[in-house]
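Report on one structure; see the data block that follows.
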Amino acid sequence: MTQEPASPPCYAAEADDAYMGYAGREEIVAALNILLEAERAGARVALVAAKHGPEPDYAELMRDVRGDEARWCAMLSRHLKRLDAVPSRRTGDFYGKAMAIAEPWERLAFLNRGQSWVVRKLEALMPRIRDERLHADLRAMLESHRANIERADVLLDSGKGGA
């Protein structure tokens, strides 16, 4: 006599990401393009700020932030292409808003708020990402933004920010 298994085999690993509570492809593509536009804006702001910074520490931070933002733009574009999606060519509205701030230290504080916005977006998105490569890259992006926020806070709190 052949016995039937006590339970059917589990096919959860083969289930659609959205069914399993993860973000679907379209949601991921939309989120990555929003992040890409924000990173592009941040890179452009940091490029201008580095050239017109009030002191060497400020300029160094802006060069580092610009390099990070450019790296994340490339990473996000790479993942979008891997998902057979077209990376956005837009620059986020953040750029215009930041460039309307003439005072460099106020612009740095605004840039830091933008970096914090990206952190919040990543923290909300990452638990919904099933793809291990994308998740790892987003984790690295998150940690980089946190480090840049901390560096900017130190510079702003040091009294160099006009306080």
Contact order relative to length for region 71-163, counting C-alpha pairs under 8 Å separated by 6 or more residues, stands in percent at 29 percent
Interchain or sequence-distant (5+) residues whose placed amide H lies within less than 5 Å of the amide H of residue 130 are 23
Residue 69 neighbourhood, Cβ < 13 Å, K/R = +1, D/E = -1, net charge +1
Sorted largest first, the C-alpha extents of region 69-117 along its principal axes in whole angstrom are 41, 16, 16
Projected onto their principal axes, the Cα atoms of region 13-163 stretch, largest extent first, over whole-Å spans of 56, 27, 20
Expected field for residue 116, accessible surface area in Å² at 1.4 Å probe radius, rounded to 10, holds 40 Å²
Where a ≥ b ≥ c are root eigenvalues of the Cα gyration tensor, a/c under 1.5 meaning rounded, otherwise prolate if a/b exceeds b/c and oblate otherwise, region 79-163 counts as oblate
With every protein chain in place, the accessible area of residue 79 for a 1.4 Å probe, in Å² rounded to the nearest 10, comes to 10 Å²
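The values are calculated or read from the model by the stated rules, or taken from the named source; none is laboratory data. What you are looking at is a predicted structure, and each value in this text was computed from that prediction instead of being measured. Positions of Cβ are generated from backbone atoms using ideal geometry, with glycine treated the same way; all protein chains shown enter the neighbour counts. Calculation scope for accessible area: heavy atoms of the full protein, side chains included, ligands and nucleic acids excluded. Shrake-Rupley method; radii C 1.70, N 1.55, O 1.52, S 1.80 Å.
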